[in-house]
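This structure is in structure tokens; I'll ask about it shortly.
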Amino acid sequence: MHIIIGLGNPGSVYAETRHNIGFAVVNTIAEQRKISFKPGKGDYWIASGNINNEDIVLVKPTTMMNNSGCAVRDVVERFKIELINLIIVYDDVHLPIGTLRFRPLGSDGGHNGMGSIIYHLQSEEIPRLRCGIQSTAQDATRLNSVDFVLSPFIPEEQEGVRAMILHAADALQYWIEEGIDAAMNRWNTRPEV
């Protein structure tokens, strides 16, 4: 079994924001696999299916981004999953749109959602896939980081964002089949979008 947890904030007001790219990726996987999210037994939505006969569980915490660790800990304890078979998908303001970065472990890099997960799991050895949300079309320096991540993608970015979400869904399937090292070697470059 593999668990893919997409980070974001619940509610329609946040649905199209940069901070919700993790939700967008797991939603895309669910659509591709024709599976639906339903309320979980904790503060999260869950969808179950399979990829090439491998059971997968998709999760969207409903705790708000900065408290994601509570929901992730509940999922890990419920499914008794080893962290090597779990991956967190989230936004990275330091990576340009279109860029994907797998990492098997590391610090939170200033991302509060990942910081909460590290705190609640008491480990930095948590695989993750970071998706670039840095704008190349607007001056993000005029916005503070909270305003920026809670802003929607602008029209000029939409095509690149859609392509990145699809690449991320493909990359996660590859991670399930081949593991984190192979996924890093194949996907840790900026695709042409």
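Given the options Val72, Val57, name the one that is in contact (Cβ under 8 Å) with a residue 40 or more places away in the chain, within 16 Å of Gly42 (Cα to Cα), outside any strand (DSSP E or B) and over 12 Å from the mean Cα position of the chain (by Cα).
On the way: Val57 fails: outside any strand (DSSP E or B).
Checking each option against the conditions leaves just Val72.
Another question, then. Identify, please: which residue in segment 57-98 is farther than 22 Å from Asn9 by Cβ and at pLDDT below 95 and is, among those, surrounded by the most Cβ atoms within 10 Å (Cβ to Cβ)?
Gly98
Each row is one residue, and each column tells you yes or no for (1) modelled with pLDDT under 95; (2) closer than 21 Å to Gly11 by Cβ; (3) part of a helix (DSSP H, G or I).
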residue: Ser116; (1), (2), (3): no, yes, yes
residue: His120; (1), (2), (3): no, no, yes
residue: Ile126; (1), (2), (3): no, no, no
residue: Glu157; (1), (2), (3): yes, no, yes
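Let me ask something else about it. Looking at segment 33-46, can you tell me whether even one residue there is closer than 16 Å to Met164 by Cα and at pLDDT 95 or above? Spell out the reasoning first.
Keep residues of segment 33-46 that are closer than 16 Å to Met164 by Cα, which gives none.
No - not one qualifying residue is present in segment 33-46.
If you don't mind, there's one more thing I want to ask. Identify the single condition in (1) modelled with pLDDT of 95 or more; (2) surrounded by 16 or more Cβ atoms within 10 Å (Cβ to Cβ); (3) not in a helix (DSSP H, G or I) that Phe23 does not satisfy, given that it satisfies every other one.
Against the list (1) modelled with pLDDT of 95 or more; (2) surrounded by 16 or more Cβ atoms within 10 Å (Cβ to Cβ); (3) not in a helix (DSSP H, G or I), Phe23 comes up short only on (3).
Let me ask you something else. Find the residue count for segment 1-20, including only residues that are at pLDDT below 95, of a type in the set (S, T, N, Q) and not in a strand (DSSP E or B).
So the count comes out to 1.
Filter segment 34-56 down to residues that are farther than 18 Å from Ala24 by Cβ and polar (S, T, N, Q) and give me whichever is surrounded by the fewest Cβ atoms within 10 Å (Cβ to Cβ).
This residue is Asn53.
Working only within segment 78-95, note down all residues that are touching a Gly at 6+ places or on another chain (Cβ under 9 Å) and over 22 Å from Asn27 (Cβ atoms).
Across segment 78-95, the qualifying residues are Ile84, His94.
The values are calculated or read from the model by the stated rules, or taken from the named source; none is laboratory data. The structure displayed is predicted, hence computed values, not measured ones. Note: ideal-geometry Cβ built from the backbone for every residue, glycine included; neighbour counts use all protein chains shown.
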